[in-house]
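Here the structure is laid out as structure tokens; the discussion comes afterwards.
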Amino acid sequence: MTENPLPGTASEPIFELSGVQYTYNNRQVALDGIDLVIRPGEQVVLLGANGSGKSTLLKILDGIIAPTGGRLRALGLDIAAVVDGFDAFRFHREVGLVFQDPDIQLFSATVMDDVAFGPLQLGLARDEVAARCDEALGLMEIRHLANRAPFELSGGEKKRAAIASVLSLRPHVVLLDEPTAALDPRTKWVLVNLIRRLGEAGRTVITATHELDIVPVIADRVVVLGEDRRVHADGAPAEILGNRDLLIAANLIHEHLHEHGGIRHSHPHAADEPHVEGHLVDGHLGPGDVEADPLAAAAPWTPLAGIVDPSVVAPGPGGPG
């Protein structure tokens, strides 16, 4: 079956936001004047602390809700019209959102049923549905889970199944809301590598996260949302992650004051990283110390050093990716 081509060309934006605002219940401001342009093939991270409006912005980009102020054009359509039902069927074939909680998207008896649900709604032939399901399960490396019930899966397996349920529609744009939240380190980096490969395959991938360490792997552009629900910065990952003052202002890292032998000094910490109770001696924790913070041990400020898994960024011959 012939795919519907993405409207426009590579030079025309997928999303154009002008002064976009969103207010819940006419009183709680979630977004306050967002100007943003995203073009085909970009790998964008929406970076911000909890409560900065990242999830709300993804829902607007996906046409679930319409801005309460400003304007958003998506794939050449006014997003408010999409929310009202105009050309919504085609729009949701092109743009897919993976929610932070995978249980929202996994509701069928088996993983295969969930992955097949979208293509079946398109009225595709059985062979085409089977091909799409196999492709999506393969991309997420979970073919072996096809006949498992979602409630039997681990958190990481659920995340990959939820992404596969979106990929089976073959969308040009994939929106991911905190995809690595609450995952153990090994599972987290497996998923990060899979997300990176989606971008390498040519999809436009927009990921909302507050985890700094995954940003250099999955993004070629970073948009920082502040706690005032506005865009604070928009640039390359190295530029954004190297701006200590920006990250502190956006509550993505914070300075924790230490005192060792009467000398007071501070280290940057990721906002969700534990404090070090005590200090490092020759690279090791001293008596009574509880946990080392990798960002706290970095001096001078070098956020890219030591936070990226090199096997993910540069796999060897025959390795992942």
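The values are calculated or read from the model by the stated rules, or taken from the named source; none is laboratory data. Small disclaimer: the values here were computed from a predicted structure and weren't measured. Note that we place each Cβ from the backbone using ideal geometry, even for glycine, and neighbour counts take in every protein chain shown.
Which numbered condition in (1) touching a residue at least 12 places away in the same chain (Cβ under 8 Å); (2) farther than 20 Å from R229 by Cα is the only one that S52 fails?
Going through (1) touching a residue at least 12 places away in the same chain (Cβ under 8 Å); (2) farther than 20 Å from R229 by Cα one by one, S52 breaks only (2).
Conditions first: (1) within 18 Å of R203 (Cβ to Cβ); (2) assigned to a helix (DSSP H, G or I); (3) at pLDDT 95 or above. K59 passes all but one, so which condition is the exception?
Here K59 meets the rest and fails (1).
Only residues that are within 16 Å of L169 (Cα to Cα) and either among the β-branched types (V, I, T) or buried (at least 17 other Cβ atoms within 10 Å of the Cβ) (or both): list them for the stretch 73-98, please.
F91, H92, R93, E94, V95, G96, L97, V98
Looking at (1) within 22 Å of the chain's Cα centre (by Cα); (2) surrounded by fewer than 20 Cβ atoms within 10 Å (Cβ to Cβ), which one does A146 not meet, given that it meets all the others?
Among (1) within 22 Å of the chain's Cα centre (by Cα); (2) surrounded by fewer than 20 Cβ atoms within 10 Å (Cβ to Cβ), the lone unmet condition for A146 is (1).
Taking the stated definitions as given, is Q121 closer than 15 Å to D62 by Cα and in the same structural domain as T204 (by TED's automatic domain parsing)? Full working, then the answer.
Details: closer than 15 Å to D62 by Cα: no; in the same structural domain as T204 (by TED's automatic domain parsing): yes.
When the stated conditions are applied, Q121 does not pass them.
Does the stretch 87-98 include one or more residues that are touching a strand residue (DSSP E or B) at 6+ places or on another chain (Cβ under 7 Å), at pLDDT below 95, more than 23 Å from R197 (Cβ to Cβ) and assigned to a loop (DSSP other than H, G, I, E, B)?
Yes, because at least one residue in the stretch 87-98 is touching a strand residue (DSSP E or B) at 6+ places or on another chain (Cβ under 7 Å), at pLDDT below 95, more than 23 Å from R197 (Cβ to Cβ) and assigned to a loop (DSSP other than H, G, I, E, B).
Out of D113, D103, I need the residue that is closer than 18 Å to S55 by Cβ, part of a helix (DSSP H, G or I) and acidic (D, E). Which one?
Working: D113 fails: closer than 18 Å to S55 by Cβ.
Of the residues listed, the single one that is closer than 18 Å to S55 by Cβ, part of a helix (DSSP H, G or I) and acidic (D, E) is D103.
Take the residues in the stretch 103-129 that are free of Cβ contacts under 8 Å to residues at least 12 places away in the same chain and under 18 Å from R90 (Cα atoms), then tell me which one is surrounded by the most Cβ atoms within 10 Å (Cβ to Cβ).
By that ranking, first place goes to L120.
Listed residues E141, E128; which is within 28 Å of P40 (Cβ to Cβ) and outside any helix (DSSP H, G or I)? Give the derivation first.
Values: E128 fails: outside any helix (DSSP H, G or I).
The conditions single out E141.
Against the conditions (1) at positive phi; (2) in contact with a helix residue (DSSP H, G or I) (Cβ under 8 Å, 6 or more places away or on another chain), where does L198 fall short? Just the number, please.
Unmet condition: (1).
Considering only the stretch 26-46, I want to know if a residue exists there that is farther than 19 Å from I206 by Cα and hydrophobic (A, V, I, L, M, F, W, C).
Yes, the stretch 26-46 contains at least one residue that is farther than 19 Å from I206 by Cα and hydrophobic (A, V, I, L, M, F, W, C).
If a residue must be β-branched (V, I, T), touching a Lys or Arg at 6+ places or on another chain (Cβ under 8 Å) and under 20 Å from L122 (Cα atoms), how many such residues does the stretch 157-185 contain?
Count: 2.
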